Amino acid sequence: MMPSHIEQINLAGTIPKSAYGTCLAVGLIVLAIYVYDQYNFLRYQVAKVLAQRLGYFKDAQGNRMKELSFNSRFLRFSNGHEVSEQGTAIAGDEPYITWNDGKPEVVLSCPNHVKDFYGRETKGHAKPPNMGMGPYFDRVLGSSVGVLNGDKWKTMRKVFDPHLSHQMAMDLRSTFSREVAAWMKDLPSTVAKFGNGVPGSEFVLDASTACRILPFKLVALILYGDALSEAAFEELLQLNALHEKVVFKAFFGKRERSRLFALLPSQSKSQMDEFEREWRVFNLKMIQTAEAEGLSCPVAKMHPSVLNGAITEREFLHTIDEILFANIDVTSSVLAFLLINLARNVPAQTDLRAEVLGHTADPEAYLQKTDTLLEFACMESIRLCPAAWFSLPEYATSDMTVGGYSIPAGTPCIIDWWRLNTQSPVWNSGGVSGTAFSPQRFQRLTLQAYRWSFLRFGLGSRKCIGKNVSGIIMKTFLMAVLKEWELETVGVTKGDEQKMVDTRKDRFTVTPAQSVRFVPI
């Protein structure tokens, strides 16, 4: 028997119970995000009024520190240079306030700001919880050595530093050279997939694509040593693909900044759960393999610190993540910018190649020298093309005065990295612009002259844990590349070499979007 017209309408309007549940969940998420945004807006207003009434963020004459009133939580990574220009337009050479989800952060951009902040006793400095990045950052990197403070930080450095020392990096020089040679041999296959040209002849390849996997392999070898088989490295590459999704959500996810959303079932939470699970399994498997087969493996050597309670397993896994996954974008971008900057400056490339070819008899001694054009080229490329537009935050544990303005204890401060590294007067002297690639500038400058104008591996007592390794990797890479190829620019007209390199907007690091032509020598 057919249902009546009314019954048909009722049946057509019936919604399955599962659909009701889905609609309810979506509604709760939307409501939670709205409430979170309103909460942050209110915090922003209250924090601003309270700070001004207490006399903070003012100079001796009572003038208020300028501010960028919008939330720069995401823009400082994707559009950092534009944020920097807006800050310069409103504040000039004075520090200014920017906002991170309702929390004020002071931007330092000039040498005197940096000296005021770091010139005093920096042991009273600390990193804010989760670097002010929220719950998803906490789950992936919130307990890494770069985020920890006090005795915890000291303990972690004691565990990891011996395996990332300068001597350790030098001991791995032959391993690095072997891997760089293998990378150069395999580069034609990369060209076939992503570039233009004929393998064996000259070819054009995006610089970031060319340098994507090599530093990842080198750092993985530092951590896992002889235990890193080709199969294990393939597992790492798969884990890295998942890690990229997780980190993208941690830095750019708008819903993920909400603690309530972090508790709800979502694709983001599912990916984070999967990564945490697989990352733990992988490292335990590597440790077991190394112990069972008697293989040299630094991660296995550090693991007893977890077993005896000196550090937690979470801290252990997060720090390995920081060294390996979190730094792959940084290291690959550094190598890519080296290629681009030398391609843009033919005289510097020619001079450096001549120096490299003149030191083939004792490459180890050459690597260790700090007064070579090779060393200066690496320093200059990092100066001109820093890892991020703004540094991650750090705060002083007592009130302080920066650039003439009173800043309360606990206020996170970030450095306008590119502006400090290029606009400081020390870089715009001797007839050479601060935006020009000129490695020779370091031949006439003393360390004291640019101490507060150059952010490379961090300032104060909290230097990057990988600083010893990174220099050896960069120099080993350049020595091999310059023996094989001449590097040329693509799409850069003569006279434009000082213009900024185009960068991607979907990375938390400054990642170049420019190709380089490789011409065999």
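FYI, it's all coordinate maths here, none of it is from the lab. The structure presented is a predicted model; accordingly, all values stated were derived computationally and were not measured. Note: ideal-geometry Cβ built from the backbone for every residue, glycine included; neighbour counts use all protein chains shown.
Could you tell me which residue out of M479, V356, I407 lies farthest along the dipole of the chain toward its positive end? Charges go on the beta carbon: Lys and Arg +1, Asp and Glu -1, centred on the Cα centre. Comparing the listed Cα positions along the dipole, I407 ranks first. The orientation-averaged projected area of the convex hull spanned by the Cα atoms of the stretch 265-411 comes to 16.4 nm².
Net charge around K249, counting only other residues with Cβ within less than 11 Å of its Cβ (Lys, Arg = +1; Asp, Glu = -1)? Value of the local net charge: +4. Between amide H atoms placed 1.01 Å from N, distances below 5 Å from V402 occur with I407, all of them 5 or more places distant or on a separate chain. Along the axis of the charge dipole computed for the chain (Cβ charges of +1 for Lys and Arg, -1 for Asp and Glu, origin at the Cα centre), the listed residues T331, C385, G119 are led at the positive end by G119. In the stretch 240-343, the convex hull through the Cα atoms has an average projected area of 9.5 nm², a quarter of its surface area. Cross-link partners for K269 among the aspartates and glutamates, with Cα-Cα distance under 12 Å and sequence neighbours closer than 8 places in the same chain left out: E256.
Of the residues H163, F194, L218, the one whose Cα sits farthest toward the positive end of the charge dipole of the chain, with +1 on the Cβ of Lys and Arg and -1 on the Cβ of Asp and Glu, is H163. Taken over the chain, the alpha-carbon convex hull comes to 216 cubic angstrom per residue. Relative contact order of the chain: 24 percent, from C-alpha pairs under 8 Å at least 6 residues apart in sequence. Give the calculated FRET efficiency between A513 and M168 to the nearest 0.05, with a Förster radius of 30 Å applied to their Cβ-Cβ distance. Calculated transfer efficiency: 0.30. Pairs to check: K369/K463; K285/K463; K58/K463; K127/K158; K217/K245. Give those whose C-alpha atoms are more than 28 Å from each other in this structure. From the list (K369/K463; K285/K463; K58/K463; K127/K158; K217/K245), the Cα-Cα distance tops 28 Å for K285/K463; K58/K463. Each Lys and Arg Cβ is given +1 and each Asp and Glu Cβ -1; about its Cα centre, the stretch 136-520 then shows a dipole of about 920 debye. Scanning the chain for DSSP H helices at least 18 Å long along the axis (C-alpha atoms) with a Kyte-Doolittle mean no lower than -1.0 picks out 17-53, 173-194, 230-252, 328-344, 467-484. Rg of the Cα atoms in the stretch 177-234, relative to 2.2 N^0.38 Å, amounts to 1.25. In this Cβ point-charge picture (+1 for Lys and Arg, -1 for Asp and Glu), the stretch 285-401 has a dipole of about 240 debye about its Cα centre.
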